[in-house]
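Everything below concerns the one structure shown next.
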């Protein structure tokens with residue numbers, strides 16, 4: 001597969017940070033940055049721009065905040081080839097603090113939003129865009145969207161926002177390839193002047209397959225994480241995306257190296273990836289919170305009981 | 001997805017047995033049999049019919065041989081609802097030993113063959129078919145097949161064999177969905193009077209995605225294994241297939257129960273599933289043997305070195 005418009009975004013440290021309150025070792029973050037930077041991957045998302053008045057640095061690692069000083073410590077003397085992205089959550093981020101893009105390490109800011117908050121997302125994105133940043137809106141939990149509300153939100157984004165990229169986000173890892181194809185076509189047909197992105201979760205081991213399906217359906221922004229690290233079942237493995245794309249600008253070798261130096265150990269310290277409770281919430285199209293809770297309990301492997309509970313409760 | 005022609009075949013014990021010389025605990029095999037039998041899955045493949053003159057029961061567990069006595073111990077008093085399948089490898093199995101199907105626990109015999117051995121496979125299948133068994137030919141390593149040789153083999157199977165099902169086998173976990181679709185269409189167009197099956201390996205986490213792609217392309221026989229157990233990166237997880245299919249005859253709950261009682265422990269004893277060396281052989285479309293060797297060595301996590309070695313050797 002070679003299409004020059006395709007951009008790969010690594011969100012290893014950002015999505016992985018949801019599993020450890022962003023408390024990675026500084027050296028590990030630097031090695032991931034260097035690996036992604038050397039691999040030719042287009043963007044690296046390092047974390048959140050969280051409001052320091054709302055969140056405590058005692059509780060969260062620096063990549064929860066991504067201040068210019070935090071980012072300077074990550075980049076160091078490395079010649080920055082990839083662009084840096086951070087995520088801004090509506091209500092957890094103070095846009096008043098934002099430097100102009102020309103004075104920041106940050107190149108792109110991504111706003112994650114449920115459909116019900118799309119007005120706030122558009123407003124926030126337009127503020128950020130005015131400061132000179134590239135922007136995205138990541139519409140979460142699209143598997144729960146009512147079709148007419150989704151259509152309306154997409155039309156509104158196209159009409160009212162200056163956003164560059166709109167992401168299709170399979171938050172629960174619930175979508176099958178035919179649904180991905182249907183949604184990708186819808187996004188493309190309504191958002192005629194924007195790029196579309198895909199952010200897939202791996203509850204049913206479909207994150208990579210659905211990312212390929214997205215590429216086939218003209219989605220150009222692809223999210224991945226090293227060894228699929230991320231919340232709960234994790235994300236689409238970056239190393240698989242690079243193996244699939246034939247663009248010679250990408251080189252998987254720096255990623256293999258950091259997999260070896262950091263991810264063998266990390267996978268023994270933090271749990272992520274395909275496990276049966278996450279598979280069950282994926283199949284049932286539910287938020288993984290119940291599965292995350294059970295994985296931290298002594299009943300972590302009581303699969304049948306977990307399934308019976310979720311299906312009998314009927315998710316009401 | 002509901003299509004009444006779809007049949008699911010569980011090969012947990014057969015393909016999983018490649019990782020431990022079929023030395024499962026007897027009780028574990030019985031619990032897997034009972035779970036599959038209760039789940040409504042159509043077939044269970046328990047192992048091989050290996051020639052006892054060539055292979056030693058000291059070295060291999062009973063499911064390498066699947067004598068009637070071995071199978072009797074598995075089935076016990078359980079009311080047999082699923083059909084039992086065993087695999088017969090060309091040259092490792094003596095067809096002279098074969099009972100008529102009516103006197104055997106075995107309902108189906110599957111012959112795995114490379115394209116170069118297709119004449120032998122046809123001959124063996126016709127012998128087995130004459131004894132009253134359902135039969136399949138599983139054409140291995142199709143990602144290495146030359147197109148014209150594959151076409152010729154498929155025409156020959158259609159013309160000369162009495163086989164019921166021909167399997168598309170992605171032995172190296174190398175195929176992407178578009179290639180699966182292309183091959184599925186080819187198989188269907190040449191093998192007009194047979195059913196087609198899919199047996200996928202999970203090197204690139206595409207076993208389930210490619211199985212769905214196969215279903216979309218009218219493949220009706222689907223192989224899966226519990227928790228994806230199988231050689232190297234393993235197979236398509238059975239629990240995911242059952243979650244996808246909407247046929248009410250299938251019930252995932254017995255599978256969740258045996259996952260809990262047996263597979264948590266088993267996954268600590270035997271290694272299978274997505275790991276970086278298997279990913280690398282998948283991307284490079286190579287047999288996993290080099291990856292299996294490295295995973296048993298002290299260099300098991302020397303990913304970059306493994307990749308450099310395979311790519312520099314150029315696989316000649």
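Quick check on residue B:297: is it within 24 Å of residue A:260 (Cβ to Cβ) and either modelled with pLDDT of 95 or more or assigned by TED's automatic domain parsing to the domain that holds residue B:137 (or both)? Against the criterion (within 24 Å of residue A:260 (Cβ to Cβ) and either modelled with pLDDT of 95 or more or assigned by TED's automatic domain parsing to the domain that holds residue B:137 (or both)), residue B:297 qualifies. Which of the numbered conditions does residue B:93 fail, given that it passes all the others? Conditions: (1) at pLDDT 95 or above; (2) surrounded by 15 or more Cβ atoms within 10 Å (Cβ to Cβ); (3) not in a helix (DSSP H, G or I). Single failed check for residue B:93: (1). Consider region A:66-90. How many of its residues are in contact with a strand residue (DSSP E or B) (Cβ under 7 Å, 6 or more places away or on another chain) and either under 14 Å from residue A:26 (Cα atoms) or part of a helix (DSSP H, G or I) (or both)? Here the count works out to 3. Inclusion of residue B:233 among residues that are in contact (Cβ under 8 Å) with a residue 60 or more places away in the chain, in the same structural domain as residue B:254 (by TED's automatic domain parsing) and not in a helix (DSSP H, G or I) is warranted.
Kindly provide the set of residues from region A:215-238 that are surrounded by fewer than 24 Cβ atoms within 10 Å (Cβ to Cβ), within 19 Å of the chain's Cα centre (by Cα) and within 12 Å of another protein chain (Cβ to nearest Cβ), ordered by number. Result: A:215, single match.
None of A:123, A:119 is part of a helix (DSSP H, G or I), in the same structural domain as residue A:49 (by TED's automatic domain parsing) and touching a residue at least 12 places away in the same chain (Cβ under 8 Å) except A:119.
Any chance region B:54-63 includes a residue that's in a helix (DSSP H, G or I) and touching a residue at least 24 places away in the same chain (Cβ under 8 Å)? Scanning region B:54-63, I find at least one residue that is in a helix (DSSP H, G or I) and touching a residue at least 24 places away in the same chain (Cβ under 8 Å), so the answer is yes.
Within region A:294-310, the set of residues being within 11 Å of another protein chain (Cβ to nearest Cβ), assigned to a loop (DSSP other than H, G, I, E, B) and within 18 Å of residue A:274 (Cβ to Cβ) comprises A:300, A:301, A:302. Does residue A:56 meet the test of being closer than 29 Å to residue A:242 by Cα and surrounded by fewer than 21 Cβ atoms within 10 Å (Cβ to Cβ)? It is false that residue A:56 is closer than 29 Å to residue A:242 by Cα and surrounded by fewer than 21 Cβ atoms within 10 Å (Cβ to Cβ). Would you confirm, using the coordinates I've provided, whether residue A:187 is under 16 Å from the mean Cα position of the chain (by Cα), modelled with pLDDT of 95 or more and away from every other protein chain (no Cβ under 14 Å)? Spelling it out, it is not the case that residue A:187 is under 16 Å from the mean Cα position of the chain (by Cα), modelled with pLDDT of 95 or more and away from every other protein chain (no Cβ under 14 Å).
Looking at region B:239-293, which of the residues that are away from chain A (no Cβ under 12 Å) and buried (at least 23 other Cβ atoms within 10 Å of the Cβ) is nearest to residue B:174 (Cα to Cα)? By that ranking, first place goes to B:291.
The values are calculated or read from the model by the stated rules, or taken from the named source; none is laboratory data. As the structure is a prediction and not an experimental result, all values here were calculated from the model. Ideal geometry is used to build each Cβ from the backbone, glycine not excepted, and the neighbour counts take in all protein chains shown.
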